[in-house]
Amino acid sequence: MNRAALLQALRDAVGHGHVLTRDTHDLAAWERDWRQRAHGHALAVVRPASTPEVAAVVRACAAHGASLVPQGGNTGLVVGSVPDDSGTQVVLSLQRMNTVRGIDRANLTMTVEAGCVLQAVQQAAEAEGLLFPLSLAAEGSCTIGGNLATNAGGTQVLRYGNARDLCLGLEVVTPDGEVWHGLSGLRKDNTGYDLRDLFVGSEGTLGIITAATLKLYPQPAATLTAWAAVPTLQAAVELLGLAQQRLAAGLTGFEVMGQFALSLVDRHMPQLRVPLWKDSPYCVLLENSDSEGEDHARAQFEGLLEAAMEQGLVSDAVVAESIAQAHALWHIRESIPLAQAQEGLNIKHDISIPVSRIPAFCDETDALLQREIAGVRLVNFGHLGDGNLHYNVQAPAGGDAKKFLLEQESRVNQLVFEAVARYHGSISAEHGVGSLKAEHLTHFKDPVALALMRRIKQALDPHNRLNPGRVLTP
Ligand code: FAD
Ligand code: ZN
């Protein structure tokens, strides 16, 4: 590779000031992943401002034999958005592509560029009195391109689906530098293979998403939040069934939080005042979004919680009295990962299991891990409504967490993933594969599916230029 000629071609594509190299810039923010598990070295960070510029960057890299790593907000959790340490990869940051191209109120759609921060997309919809429901704790810095590339989930999937379900059309730059103009606002279109669904969730390995047409919804008239202590995980699953029956589409959130997870928030963030956790193995956060109004929502919630208490599914509960209280309850839920980080290094899993089998899975796997790995502590919480648990493993108290991770991480992963397979679950419900789980995929994905995925990659990107080594092992 002729480095100087490539840099010149990149400068011709996006302008001199938008090709950053280590000679002139500190590239750490683009080279290091959010969890600080990897610190690569980029040949350059390139920041195009338009789709033709992205296409020109891709063609320049293809002409000079360089591989590309697409990057949005760099909040991904599986080491997929940072370069390797070869110093030969170009990081293509979409962050300057942050225009809302338009909102079609009657069609309930909006078209945005890939670098728009998720929160800005939510706010643009809200300014029109509409709702873009994708919501996750990284929404202040993750981008819609990254959300689609990872098919992000979050806290509203139960009602509105994940990023894939919220996307009607895409604009994509292919590995050859062509532009696919697929920004359709159609809800029905059966004209052949679904290319949109191929690019969604492909983690930057098949094409670069430059813009998307997204689904919008009417804003609910009122949104209420409740916090309930439940005696068992099985009771939480039964409460979910009751809430689905009574609230129907109004049930927009159903999160479960284990006692140890909440104890970490209590310990590291005492100002947050976690309710009801001390006497209960699990607490549940429920959200009711109502199209009629607050009184109706409250009456429905109270009816649900009374019935749940009568059936022994809930031992105690609080319904937020104000928006501030509701935010405070959600803030506790969203603070668990941070509290966990403050407690020390840990091993993260984002698994999914059919909801009905989650209690048995947790009973069996909790006991297995405790038997096999002395002193292990389980931080179990997540989107129970979607069958998606953040089944995380914290090092034993007081020990050397770094040493624990080094010695036990692969064993812990193996035990958890084998249990997931026994329960016909998935080893990644929402964070994706990246580099971190690419090797695991070779053991836990159906071999025919894996072979088809390799053939698709080969057909679209035969020279393996887009995010090589991510999702699929070399
Ligand atoms: P990046 O991290 O920059 O990239 C992620 C992947 O997408 C990489 O493989 C990258 O190459 C690719 N990519 C990025 N942009 C493009 C593009 N335009 N075209 C093609 N490929 C691209 N995830 C959930 O699903 N649910 C959660 O609840 C959740 N909570 C989180 C909470 C926190 C605090 C954090 C830090 C992360 C969380 N995540 C969650 C992880 C989640 O995947 C990301 O936050 C988000 O979806 C990634 O967006 P990003 O713009 O930061 O992408
Ligand atoms: Zn999550």
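Restricting region 183-216 to residues that are under 18 Å from the mean Cα position of the chain (by Cα) and assigned to a loop (DSSP other than H, G, I, E, B) leaves a set whose member that is farthest from ligand 2 (Cβ to nearest atom) is Thr205. Cβ-Cβ contacts under 8 Å between residues 6 or more apart (or on different chains), taken from a first residue in region 336-357 that is closer than 15 Å to Ala401 by Cα to a second residue that is among the polar types (S, T, N, Q) and in a helix (DSSP H, G or I), are listed as Asn346/Gln340; Ile347/Gln408; Ile347/Asn413. Count of region 324-335 residues, restricted to those that are more than 11 Å from ligand 1 (Cβ to nearest atom) and touching a residue at least 60 places away in the same chain (Cβ under 8 Å), is 5.
A quick yes/no check of all residues on (1) in contact with an Asp or Glu (Cβ under 8 Å, 6 or more places away or on another chain); (2) within 12 Å of ligand 1 (Cβ to nearest atom); (3) closer than 26 Å to His463 by Cα:
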site	(1), (2), (3)
Thr75	no, yes, no
Thr88	no, no, yes
Ser93	no, yes, yes
Asn98	yes, yes, no
Asp104	no, no, no
Val112	no, yes, no
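The number of residues in region 41-53 being surrounded by fewer than 20 Cβ atoms within 10 Å (Cβ to Cβ) and over 27 Å from Val112 (Cβ atoms) comes to 1. Among residues belonging to region 145-155 that are within 11 Å of ligand 2 (Cβ to nearest atom) and not in a strand (DSSP E or B), point out the one that is modelled with the lowest pLDDT. Filtering first and then ranking leaves Thr155.
In region 406-427 there is no residue matching the filter, namely being hydrophobic (A, V, I, L, M, F, W, C), part of a loop (DSSP other than H, G, I, E, B), surrounded by fewer than 21 Cβ atoms within 10 Å (Cβ to Cβ) and modelled with pLDDT under 95.
Checking each residue in region 452-474 for being aliphatic (A, V, I, L, M) and touching an Asp or Glu at 6+ places or on another chain (Cβ under 6 Å) picks out only Val471.
Taking first residues from region 146-165 that are over 19 Å from His390 (Cβ atoms) and partners that are more than 7 Å from ligand 1 (Cβ to nearest atom) and basic (Lys, Arg), the Cβ contacts under 8 Å between residues at least 6 apart in sequence or on separate chains come to Leu148/Arg164; Asp165/Lys215. Here Leu108 qualifies as over 16 Å from Glu203 (Cα atoms), more than 9 Å from ligand 1 (Cβ to nearest atom) and of a type in the set (A, V, I, L, M). Look at region 450-467: where a residue is closer than 14 Å to Gln89 by Cβ and modelled with pLDDT of 95 or more and a partner is part of a helix (DSSP H, G or I) and charged (D, E, K, R), sitting 6+ places away or on another chain with Cβ atoms under 8 Å, you get Asn464/Lys457.
Looking only at region 118-144, filter to residues that are assigned to a loop (DSSP other than H, G, I, E, B) and more than 7 Å from ligand 1 (Cβ to nearest atom); which one of those is surrounded by the most Cβ atoms within 10 Å (Cβ to Cβ)?
The residue in question is Leu134.
Just a yes or no: is a residue in region 285-302 free of Cβ contacts under 8 Å to residues at least 60 places away in the same chain and either closer than 30 Å to Val433 by Cβ or of a type in the set (Ser, Thr, Tyr) (or both)? The answer is no, given that none of the residues of region 285-302 is free of Cβ contacts under 8 Å to residues at least 60 places away in the same chain and either closer than 30 Å to Val433 by Cβ or of a type in the set (Ser, Thr, Tyr) (or both).
So which residues in region 226-251 are surrounded by 23 or more Cβ atoms within 10 Å (Cβ to Cβ) and of a type outside the set (A, V, I, L, M), if there are any at all? Trp227, Gly250, listed by residue number.
Taking the listed residues Leu305, Leu313, the one that is within 22 Å of Leu239 (Cα to Cα) and in a loop (DSSP other than H, G, I, E, B) is Leu313, with no other qualifying.
Per the listing Ala367, Ala339, Ala397, Ala360, the residue uniquely within 16 Å of ligand 2 (Cβ to nearest atom) and surrounded by fewer than 22 Cβ atoms within 10 Å (Cβ to Cβ) is Ala339.
Here is a yes/no grid of residues against (1) touching a His at 6+ places or on another chain (Cβ under 8 Å); (2) closer than 16 Å to Val173 by Cα; (3) assigned to a loop (DSSP other than H, G, I, E, B); (4) aromatic (Phe, Trp, Tyr):
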residue	(1), (2), (3), (4)
Val69	no, yes, no, no
Val79	no, no, yes, no
Val82	yes, no, yes, no
Asp85	yes, no, yes, no
Val90	no, yes, no, no
Met97	no, yes, yes, no
Arg101	no, no, no, no
Ala106	no, no, yes, no
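Out of curiosity, is Ala44 small (Gly, Ala, Ser), not assigned by TED's automatic domain parsing to the domain that holds Asn151 and not in a strand (DSSP E or B)? So Ala44 does not fit the description; no.
The values are calculated or read from the model by the stated rules, or taken from the named source; none is laboratory data. Please read these numbers as outputs of a predicted model, since none were measured by experiment. Cβ sites come from the backbone with ideal geometry, for glycine too, and all protein chains shown count toward neighbours.
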